[in-house]
Structure formats: C-alpha cells, structure tokens
C-alpha cells in the first residue's frame, strides 16, 4: 500500500515536473528562414540566427522575425498579417510629374533583415514586431520611392517604354535613399488642342560632382537591404486605358473643334457670298450712280456749251447790231451830209428809166393834133408833161440838183 502511494506521488512529481519543464523550458527552436530575438529574465537580449534547438533560458520571451520581409502592394485592401513572410499594404497611388496623371501601382518589394545582431536588436527595440516595422517604416519608404520615381517622367513616357527606367530609379532609391527633386513649370503650346498649357518638369538635384543628392535612407540605419524590386504591368494597362481615354477625349475635342471650324467656315462662306452679292449690287448701284452723275455732268457741260454758244450768238448779234448801227449811223451821217444824194439820184434814175421805157414803147402821136391856145404858138405838150413829172419826182425825193 505504501509502495503504491509512493509510486503515485513519484508519478505525480514526474508529471508535474514535465509540465513545469514544458512551461519553463529553457530550450527553444528556431525555424529555417527565421531569426528569433530572445529576451531573458536577466535583461540580456540576443538573436538566434541559426535554425534548430538553442538554449533560451527559463521564462525568456521570444519574438520570431522572418529573414526576409516581402512588402506586397497588389490588393486593393491592405492586410498587415504576416503570411509566408509577406505583408499586404494595398496598391500604391502615384502621380506622374510632367502631366500629373494618377495611376495605381502593384508589385512586391523584398527586404532582407539585418545580419548584424546589434542592428537587429536596435530594429527589434524600435518596432517590436514585423507588422510594426512594415506599417511604420517599410511601407512608407516603399511608397515614397515609387512616388519619387514617378515624379521624374510622364505617363506617356512610362507607357511608351519608360517602365525599365522607372524600375531602375525605384530600386536605386530603395537601396541608396530617395532623390532630392526640383520641380519647375513652363508653358508649352498643345498643337492638338490649339492652346497653351502649363506643364511641370522634375529633375534630380546633383552635387558638385554630378552625383544625385539624397535623403537619408530610413532603412539603412538598421542594415536592411533590398533584394528584389518589381511592380506589375497593371500600371501600364491602367495608363494605357487612361491614355486611350485621353486620346479619345482629345480626338473628340478635335472633332468638335473641326466641326466648329467647319461651321465657322460655312458661315464665313455664306457671309462671303452675301458680301459678294452686296458688293455686286453696290457695284451696280455705283455704276448707275456714276452713269447718272455722268449724264448730269454731261447735261451741265452741254448747258455750259449752249450757254457759251448763246453768249457767243448774243455777242455775235451784238457785234452785228453794233456794226449795223455803226454802218447805219455812217450812212445816216453821209445822207445827212449830202442829203442822200446817191440814193435819190438812184431812185430818180430808176424813175426816169421807167418813164423812158414806157415812152419808148408808146406808138401814138407825140404832139396833139389840135392845139388850143390863146397865143396860138407851138407848144410841146409832151415835153411839158415830162417836165411836170420831173418836178414832182424831184420834189418828192427832195432832190436839189443845184447841190454840189
């Protein structure tokens, strides 16, 4: 009975010892691909890099760290759980520098944890867990390097073959520190949209030796290195769609501009036709006005000619009248001077000519057959008749043959 009780007690002690050994096991196991930071009760800390069993000490605290941490930015939703050495931080938004086009980048960046124990312990003290290290240091640094790389090119440049350049700049900055950039703007003429546009260009600030100036790397103080850098072609696909959309928008805008230009051209042609018609009508009106003015001027000129002719006729008539008056005056003076002897003589001569002609044609007796007279002498009656007529004629003409 006593032996049985003794056996039970011994067994219980063994079981209790095993349980206590398991709970307070001073030995621990480090998986391949990990390192373990051990914090002993004495305050001593060390890093177990080698895989397998190692002595950690009683009641020590152990924190496993992967030798490499992959920062994934592929899913739209972040997941900070460490799964197979990978932590998902969600896709990264970048903006290209020249045209401010936004895009989402997906990919994986793999970081190697420090091989130096002092650096590893400093990192562990600062962050305590891989999740903290990723969320507070690796993820922001990865995003900063991606965004800085995108700042140095345009979306069209990236889409047209600049992916390798951006990948190279991204890896360079991850390993050596982020470039210090300088951005300036300038105005260029967009021949497609027919307008001036302000664009921004970014370049790397260099030192006197031509080397890029950088910010201090936030991972180098812990000896973290980068082994692999990649981002998927999804950014190219997205940029392609964006550029295609922008191209279609530009084409649509150009088509609109073309349509507007065609409308303006049609309007201008219509207005030109109206102007031509109006011009032709004005020309016709002007021609009629000129013709009317010409007729008026010709009429005025004809009137002037007629006026001149009339004045000339009046002058000629005045001249003739003056000459006639002068001649009449002269004749009057002559007639007054000689009693119009010439005219009177001409008339007298003509009268005598008539009587002479008439007498020459007389066939009767010249002297009367019977003469009645008191004296009974020879008296020529015809001669007496003629003398009486001469006296009468000369009296009527007021002709005095005695004038010299």
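The values are calculated or read from the model by the stated rules, or taken from the named source; none is laboratory data. Just so it is clear, the structure is predicted and the values come from calculations on it, not from any experiment. Heads up, the Cβs are rebuilt from the backbone with ideal geometry, glycines too, and the neighbour counts pull from every protein chain shown.
Sort out which residues of the range 72-98 are in contact with a helix residue (DSSP H, G or I) (Cβ under 6 Å, 6 or more places away or on another chain) and closer than 16 Å to residue 152 by Cα, and write them in order of number. Walk me through it before giving the result.
Within the range 72-98, the first condition is being in contact with a helix residue (DSSP H, G or I) (Cβ under 6 Å, 6 or more places away or on another chain), and the residues that meet it are 80, 82, 87, 89, 92, 94, 96-97.
94, 96, 97, listed by residue number.
Out of (1) under 37 Å from the mean Cα position of the chain (by Cα); (2) at pLDDT below 80, the odd one out for residue 234 is which?
Residue 234 satisfies all of (1) under 37 Å from the mean Cα position of the chain (by Cα); (2) at pLDDT below 80 except (1).
Step by step: first the residues of the range 114-140, then only those that are under 21 Å from residue 178 (Cβ atoms) and over 59 Å from the mean Cα position of the chain (by Cα), then the one that is surrounded by the fewest Cβ atoms within 10 Å (Cβ to Cβ). Which residue is that?
The first filter runs over the range 114-140 and keeps only residues under 21 Å from residue 178 (Cβ atoms), leaving 114, 119, 123, 126-127, 133-140.
From what is left, the residues that are over 59 Å from the mean Cα position of the chain (by Cα) are 114, 119, 123, 126-127.
Numbers: 114: 22, 119: 17, 123: 22, 126: 13, 127: 18.
This residue is 126.
Have a look at 272, 293, 285, 280 and point out the one that is more than 30 Å from residue 102 (Cα to Cα), part of a helix (DSSP H, G or I), modelled with pLDDT under 80 and not assigned by TED's automatic domain parsing to the domain that holds residue 101.
272
Can you tell me which residues in the range 75-97 are at pLDDT below 85, out of contact with any strand residue (DSSP E or B) (no Cβ under 6 Å at 6 or more places or on another chain) and buried (at least 17 other Cβ atoms within 10 Å of the Cβ)?
The one that is at pLDDT below 85, out of contact with any strand residue (DSSP E or B) (no Cβ under 6 Å at 6 or more places or on another chain) and buried (at least 17 other Cβ atoms within 10 Å of the Cβ): 96.
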